[in-house]
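Single-structure report; data block below.
The values are calculated or read from the model by the stated rules, or taken from the named source; none is laboratory data. If you're wondering where the values come from, they're calculated on a predicted model, not measured in any experiment. No Cβ is skipped: glycine too gets one built from the backbone with ideal geometry, and neighbour counts run over all protein chains shown. When the accessible area is computed, the model is the full protein with side chains, heavy atoms only, and any ligands, DNA or RNA have been set aside. Shrake-Rupley method; radii C 1.70, N 1.55, O 1.52, S 1.80 Å.
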Amino acid sequence: MSLAGGGQARRRSPLALFALGSIAVLLIATLMALGVWQLQRRVWKLDLISRIDQRIHAPAVDAPGPTTWPTIDAARDAYRHVRTEGEWLQGRDTLVQAVTALGGGFWVLTPMQTDAGFTLLVNRGFVPAERADRGAVTGRAVVSGLLRMSELKGGFLRSNDPSAGRWFSRDVAAIAHARDLQGNAPYFLDADRTLETGGPIGGMTVVEFPNSHLVYAFTWFALALMLLAGTAYVMREEWRAIRARSRLRNSDAGT
């Protein structure tokens, strides 16, 4: 009697088994879908890296002018190799906090009045924090570099403070407003490294795209496999329990 009672206590109804099985199938399908999605993301990321690499190493083209500004898009235009020519606007440099392979310091952003009729913020490069001379420039120049999209609001977990002259991101619109720049492009230019002595160190753009999608895909697939194995184990044990109860009932009927 005690054995039969224990068996009845552990017995799951067919409805409960169906519900558990349905939930397990749904979870397995979801995990598999997440794994497939990560594989698709990996293909997209590899294509993006390839396209960005082609843009960086392509010959420089003219910096986009006002007629194209409404259509500029990060996915299509970021890191394009561009060039421009014009005259530096003196006394309007902006120092933006930076951390680089050379240590902490600032990016030096200087506006240029281009010959094409618009103003462009040029990130001339990096200077260490302890350096008093920021390498002021005057006159005309030809500059080439990478087109970069505006960095909004702030960085380093801090917001830009234009009134105090504290900048933590290269927010083009905010800097243009603070420096009273008219007709400013909605992007900035990361200047290539030059042989200019005493000036900021250019050509330090870091182009890095995390690509851990394959690891994430394996994780989702592994979880799906573990859940499948666990479900199969539970179902096997339930089947064995059903057969044992069946044999017990047949044995009781025989006696």
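Being open to solvent by 70 Å² or more (accessible area, probe 1.4 Å), out of contact with any Asp or Glu (no Cβ under 9 Å at 6 or more places or on another chain) and in contact (Cβ under 8 Å) with a residue 60 or more places away in the chain narrows it down to one of ARG41, ARG76, so name that one.
Answer to the check: ARG41.
On the given criteria, is SER50 more than 16 Å from the chain's Cα centre (by Cα), of a type outside the set (D, E, K, R), at pLDDT below 85 and over 30 Å from THR138 (Cα atoms)?
Criteria not met by SER50.
Given the residues GLY117, GLY35, GLY21, GLY91, which is the only one that is over 30 Å from the mean Cα position of the chain (by Cα) and over 30 Å from THR138 (Cβ atoms)?
GLY21
Are any residues in segment 57-73 open to solvent by less than 80 Å² (accessible area, probe 1.4 Å) and under 19 Å from GLU151 (Cα atoms), and if so, which ones?
Scanning segment 57-73 gives ALA63, PRO64, TRP69, ILE72, ASP73.
Given the condition under 21 Å from PHE221 (Cβ atoms) and assigned to a helix (DSSP H, G or I), answer yes or no: does some residue in segment 49-71 qualify?
There is no residue in segment 49-71 that is under 21 Å from PHE221 (Cβ atoms) and assigned to a helix (DSSP H, G or I).
Hey, among MET204, MET235, which residue is touching a strand residue (DSSP E or B) at 6+ places or on another chain (Cβ under 6 Å) and hydrophobic (A, V, I, L, M, F, W, C)?
MET204
Please enumerate the residues belonging to segment 196-222 that are open to solvent by 70 Å² or more (accessible area, probe 1.4 Å), hydrophobic (A, V, I, L, M, F, W, C) and at pLDDT 80 or above.
Those that are open to solvent by 70 Å² or more (accessible area, probe 1.4 Å), hydrophobic (A, V, I, L, M, F, W, C) and at pLDDT 80 or above: VAL215, PHE218, TRP220.
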